[in-house]
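The values are calculated or read from the model by the stated rules, or taken from the named source; none is laboratory data. Bear in mind the structure is a predicted one, so any value in this text is a computation, not a measurement. All Cβ positions, even for glycine, are placed from backbone atoms using ideal geometry, and neighbour counts span all protein chains on display. Only protein heavy atoms, including side chains, enter the accessible area calculation; ligands, DNA and RNA are left aside. Shrake-Rupley method; radii C 1.70, N 1.55, O 1.52, S 1.80 Å.
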Amino acid sequence: MATGKVVVEKIRGRSTATSCFSKYPLKFILPTKVAPVGTDVVWIYSITYGGGIVSGDSISCEFTIGDGCTAVLTTQSSTKVYKAIGSKCSEQTLQARIGSESLLVVIPDPVTCFSTARYYQKQEFRLVSDSNLVLVDWITSGRHANGEKWDFEFYKSINNIYLEDDRPLFLDTVLLEKRNIRSIAERMQDYHAIAMVILFGPKLRELQKQVQENVKNMMSEQLQISYGSGRHNPDSRARNGFMKPEFIASCSTFGPEGKGVVIRIASDSTESVYNFLRQQLGHLEPLLGQSPYA
């Protein structure tokens, strides 16, 4: 049985949560005053008792977004994954169905795994041809104040998107696991946050174009700065006259006729990722009533 379940349907012409259920350790909050009056959207805040996911916890959520509805799923703070007890793994799964001309925006704060934590996450989205989805999935290196940097044992995040008849549209897995040869921190080098953003659907075409252009311009400028700095910098991180960028982003398309866009990010700070998300997703404000990560 699911730990949490929300159904959003069109009632008298407005997106309305017609069913909302959650049980320990999960709780949903559906505030009514997040968006200005007249904005057709349901905001859903997902929180956990104790402020994080305890070793061995298993949380499963189901969301149904009816035809023509708009919903936002977000969090109040980062998802903390506490230290593992033995080999126990904390798990979180999400299944969402998005109807015709509907929009689901999943904009959580990042996952932050404590030292020795073990975390598994799987998210599945089932769409029709004119569904719309914004998905942000990201993780930080850990508790910097405690001297932790990529010090967890295991992290696996799966994001799969399917069209009608279970046709795969986008299948993605990120796996970070401690190994004897090289630690996660060594492999991640100086980066402290990695993120993935997915934009899919006809309502997001203009946003897709704008983000792609912004990333292109941003990285062109960033790489010029990195090359110029590296030529005059004796720092060991500068190789062949090139200084590793503090922020990296890339865009690529997926799906039929390139209808989807995926943005991948690596940054030396969590705040830089927040700033990027605020700037690039700010155009969603008219649909959501407020800007993501404001």
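Quick notes on this one:
- Distance from the alpha carbon centroid of segment 108-140 to that of segment 1-64 works out to 16 angstrom.
- Mean Cα-pair separation over length for segment 103-165, i.e. relative contact order, pairs under 8 Å, 6 or more apart, %: 48
- Spin-label model distance (nm) - Asp130 vs Lys209, 7 Å beyond Cα toward Cβ: 2.0
- In order through segment 259-267: 3J(HN,Hα) via Karplus (6.51 cos²θ - 1.76 cosθ + 1.60), integer Hz, x for Gly, Pro: 6, x, 10, 10, 10, 10, 9, 9, 9
- In nm, spacing of pseudo-spin labels at Gln95 and Glu62 (7 Å Cα→C-beta vector): 0.6
- Stretch gain in nm, segment Glu221-Tyr45, where the contour uses 0.36 nm per residue and the Cα spacing is subtracted: 59.7 nm
- Here the spin labels are modelled as points 7 Å beyond Cα on the Cα-Cβ line, and at Lys122 and Arg143 they lie 3.0 nm apart.
- The H on the amide N of Ala84, modeled in the peptide plane, is under 5 Å from the matching H of Ala117, Arg118, each at least 5 residues off or on a different chain.
- Amide H within-cut-off set for Val42, under 5 Å, with H built and near neighbours excluded: Thr70, Ala71, Val72
- Within the accessible area of the chain, the carbon and sulfur atoms contribute 48%, probe 1.4 Å, all protein chains present.
- Heavy-atom surface of segment 74-228, accessible at 1.4 Å and reported per residue (Å²): 46
- Shape call, the chain: gyration tensor on alpha carbons, a/c limit 1.5: oblate
- Estimated FRET transfer efficiency when R0 is 22 angstrom, pair Lys156-Arg182 (beta carbons, to 0.05): 0.80
- Listed pairs Lys80/Lys259; Lys33/Lys203; Lys33/Lys156; Lys10/Lys216; Lys5/Lys83; Lys122/Lys203 exceeding 30 Å between Cα atoms: Lys80/Lys259; Lys33/Lys156; Lys10/Lys216
- Computed over the chain: relative contact order in percent, which uses C-alpha pairs under 8 Å that are six or more apart: 13
- Couplings 3J(HN,Hα) of segment 174-183, computed from phi: 10, 10, 10, 9, 5, 10, 6, 6, 9, 6 Hz, in residue order, whole Hz [Karplus 6.51 cos²θ - 1.76 cosθ + 1.60, θ = phi - 60°; x for Gly and Pro].
- Amide H to amide H, with H built 1.01 Å from N, Ser60 comes under 5 Å of Thr3, Gly4, Thr93, counting only residues 5 or more places away or on other chains.
- Against the chain, whose longest principal axis is taken from its Cα atoms, helix 270-281 shows a tilt of about 50°.
- Segment 74-128: C-alpha gyration tensor shape, a/c 1.5 cut-off, then a/b vs b/c: oblate
- Here the Karplus curve 6.51 cos²θ - 1.76 cosθ + 1.60, taken at θ = phi - 60°, turns the phi angles of segment 45-62 into couplings of 9, 9, 10, 10, 5, x, x, x, 10, 7, 3, x, 4, 9, 10, 10, 10, 10 Hz, with x standing for Gly and Pro.
- C-alpha long axis of helix 205-231 to longest principal axis of the chain, angle in °: 10
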